[in-house]
Amino acid sequence: MKEVSVNLATERAHVRFVGPTREASSAAVATAIENSGYGVVEEPIELSIEGMTCASCGQRVERALRKVPGVRGAEVNLATERARVRCAGVPPENLIRAAEAAGYHASLVSDETEDGTPSGAEDPKVRIAHRDLIHVLAAAALSLPLIAPMLSNLLGVHLMLPGWAQLVLATPVQFWLGWRFYRAGWKAVRAGAGNMDLLVALGTSAAYGLSVYQLVVHWWVSAGVARPAGEMPHLYFEASAVVITLVLLGKWLEGRAKRQTGAAIRALMALRPERARVRAADGTETEMPVQRVRVGDLVVVRPGERIAVDGVVREGESTSDESLLTGESLPMSKAPGDRVTGGAINGAGLLIVETKAVGAESTLARIVRLVENAQAAKAPIQRLVDRVSGVFVPVVLGIALVTFAGWWLATGSVEIAVLNAVAVLVIACPCALGLATPTAIMVGTGAAARHGILIKDAEALETAHRVRVVAFDKTGTLTEGRPSVVALESAPDSDAETVLRLAAAVQAGSEHPLAKAVLREAAAAGVRATRSTNLTALPGRGVAARVEGRLVQLGSSRLLRELGAEPGPLADRAAILEQEGRTVSWLLDASAEPGRVLGLIAFGDAIKPSAHGAVAALRVAGVRTVMLTGDNAGSARAAALQLGIDEVLAEVLPELKAAAVAKLKGAGGAVAMVGDGVNDAPALAAADVGIAMSTGTDVAMHAAGITLMRGDPALVVAAIEVSRRTYTKIRQGLFWAFAYNVVGIPLAALGLLSPVIAGAAMAFSSVSVVTNALLLRGWRPAAISATLGEERAAPSANADGAALPAIHREAA
């Protein structure tokens, strides 16, 4: 190490190395920084891995990558053939060398080639698929004459190819078309491990070798060197050739099915426009690659074109088809001031869009990253599969040896012993074990993304199927989030205009929905807000500012109680409004002790049309619903009564929402939290599954495991449904993968399966598991009728017999 410099502004350290130790020293530097009490930012690196054939291969690549100094973790996904490595200060070349030392070809996946294919180039996976299909057809053509005598015997015709002809046909299948198994098996042996290729190579070599041995002996005898010649012994060239043919066919079908699992990602990537039309300051238009567009540029979108960038409409009116992004089938109207999303299709109008985000920061790019991350991550259930896969091949080799020895001792026939041992080796299938979980996750997350449900990671997908309680935030989640002023009352010593003027002054500049409602009301009434200073947010209570020389506060009933202010004659009016489900805010003069009530403002927020059906559908699915809100108890209870929600936790401060979620978790069952605001972020993170509305804040979406691209409560039901369907496919895939081996290996060891039947079973085990997962592609969210909300039940009733949800005020 020659020179070290630290930049405090960028929080980066620049280190210069001398000599050949640079690469190893990078990891040492990262370790030294951490030992000094500082953190080193982990850099995720994604590699494309070629040559993996089963779960054992993935395990070997993971072990090799984790041994590289500086690597914190590595996960290999057999379905996507990708490795995701978390590391600090590790050059990608080190990781590539480690993967290649383990026997696999590795290459770096860059942001520009997210699908692993440079723009304009042929997809190498398609090229490999074409080559594999040619190999399958060639193997079938060579193997068919070998099994023709077997088929003719079924018809009562006895045909037999000469031994030399069988040898000529079987040899290219064994050593040309089957060379891939020898190559991959040898790499596994060199790495001190085993894989499917090793099992196939050993099994088919044993059958081929036995046949060659018997054929040579027959020729030797026929030449008169030994005892008099007898009939041609039965040869097993057809077993080795057909097994290789079936395995090649199975791998080709498996690869074809695996490519279909990535259809969702390819469909999203196909939405990315390649060119944009930018308007200059002088009005001229220039067409350029979308990579050259910068934030602030004005982009011209003609009718029927795909919108190139995320932005805000500055001129024109049209509609936008965002169905592939949000799952919303109806076009959305767009006018000046509305946001548009890159990748959506413009309707019949011309739009001028001011660019707000491009490239990796665009909504489409973030969606693709979320789906890719979810598909690349391992589900918790996969850890059990990895442990089984780690010992699978050695155990199968042991069973094959025991089978050989047992049959040899029992019958004295090496031929029978070899055939039954070959059947054991060939039927064993670690591939299906490795594919069951990742393929189901890939298809499930892809299907969810097509309908506006973005699942951040596999753990969220797996956990969501266990959800038994869903806690909803109220404003913006169950309601439209666009409240309006429905009542304004002044205290006896004040007037309505003063209340509205002061409230507008306090709320000036705020982005809160209630603040916007006040400002809209003031503008409509022609009331001009007074200038305010020292604007301060009071979390969970309201807002305060100095207006006209006094401290004015606007907030909830909690704020009223904390100031010790007396509502006087407004108390009855406030109670009536709260019973009607209105949110009541008090305008207070906090300059005096105690505070003085100036008036109240009541807000109304319409419940989303799909909220009724969503709550009812959750009840049908056996999920209990809870409203977790900072609103007053009266407003919360009225909304919950209308929706049929089971329990209400009202007047909960933002910092206590996480504790409320923890209490719900303690009651049993996994808890999902649904929210959209900054104040929901701690609760979203505390829940077993956080579900954020994309119509809310970025903070909420970052804290959540699932993001809904539309602010539609019905998507909560759909998210749980797709999670349950996906988990069912994972369990089905693992069941069949284990069943093939648990049933097939004993049958083969007992001599009840021929090598040909065993090879067919092994070849199609992976295909069946992947095909079963592909059935998820047809998943559609169940249609939720708003009338379902009318059929609801609640745990208690008031004196008039009306159903009431259980309600609690959370003071702490």
Charge context of Trp186, other residues only, Cβ under 13 angstrom, K/R +1, D/E -1
+3
Pick out, in residue order, every one of the trypsin sites (Lys or Arg not before Pro) in segment 496-586 that is DSSP loop and has at most 12 other C-beta atoms within 10 Å; say none if there are none.
Arg528, Arg531
Histogram of C-alpha separations across segment 522-654, 10 Å bin width, %:
12, 35, 31, 16, 6, 1
Considering only Cα-Cα distances, which of the following residue pairs are longer than 21 Å: Lys187/Lys729; Lys474/Lys663; Lys187/Lys251; Lys67/Lys456; Lys474/Lys657?
Lys187/Lys729; Lys67/Lys456
Report, ordered by chain and residue number, the lysines lying within cross-link reach of Lys356, taken as a straight Cα distance under 17 Å and ignoring same-chain residues fewer than 8 apart.
Lys334
For segment 131-146, Karplus couplings with θ = phi - 60° (6.51, -1.76, 1.60), whole Hz, Gly/Pro x:
5, 5, 5, 4, 5, 4, 5, 5, 5, 5, 5, 6, 7, 4, x, 6
Could you grab the relative contact order for segment 519-641? Cα pairs under 8 Å, six or more apart, rounded to a whole percent.
21 percent
Highest mean first, what order results for 616-626, 438-448 on Cβ atoms within 10 Å?
438-448, 616-626
For Ala487, other-chain or 5+-apart residues with amide H closer than 5 Å (H placed, Pro excluded) are Ala602
For Arg541, what charge total do you get from the other residues with a beta carbon under 13 Å from its beta carbon, if Lys and Arg give +1 and Asp and Glu give -1?
-2
Hey, rough spin-label estimate for Tyr213 and Leu538, points 7 angstrom out along Cα→Cβ, what's it come to in nanometres?
9.1 nm
Tail weight of P(r) past 23 Å, computed on alpha-carbon pairs of segment 434-592, percent:
51 percent
Extension reserve of the Thr771-Val414 stretch, reckoned as 0.36 nm per residue once the Cα distance is removed:
124.6 nm
By the mean-Cβ-within-10 Å protection proxy, highest first, 195-203, 532-540 rank as 195-203, 532-540
Accessible surface, 1.4 Å probe, highest first, among residues Trp219, Trp407:
Trp219, Trp407
If you count, for each residue, the other Cβ atoms within 10 Å and average over each peptide, how do 722-728, 602-608 line up from highest to lowest?
722-728, 602-608
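The values are calculated or read from the model by the stated rules, or taken from the named source; none is laboratory data. Keep in mind it's a predicted model, so treat the numbers as computed, not measured. Note: ideal-geometry Cβ built from the backbone for every residue, glycine included; neighbour counts use all protein chains shown. These area figures cover heavy atoms from the full protein model, side chains too; ligands, DNA and RNA do not enter into them. Shrake-Rupley method; radii C 1.70, N 1.55, O 1.52, S 1.80 Å.
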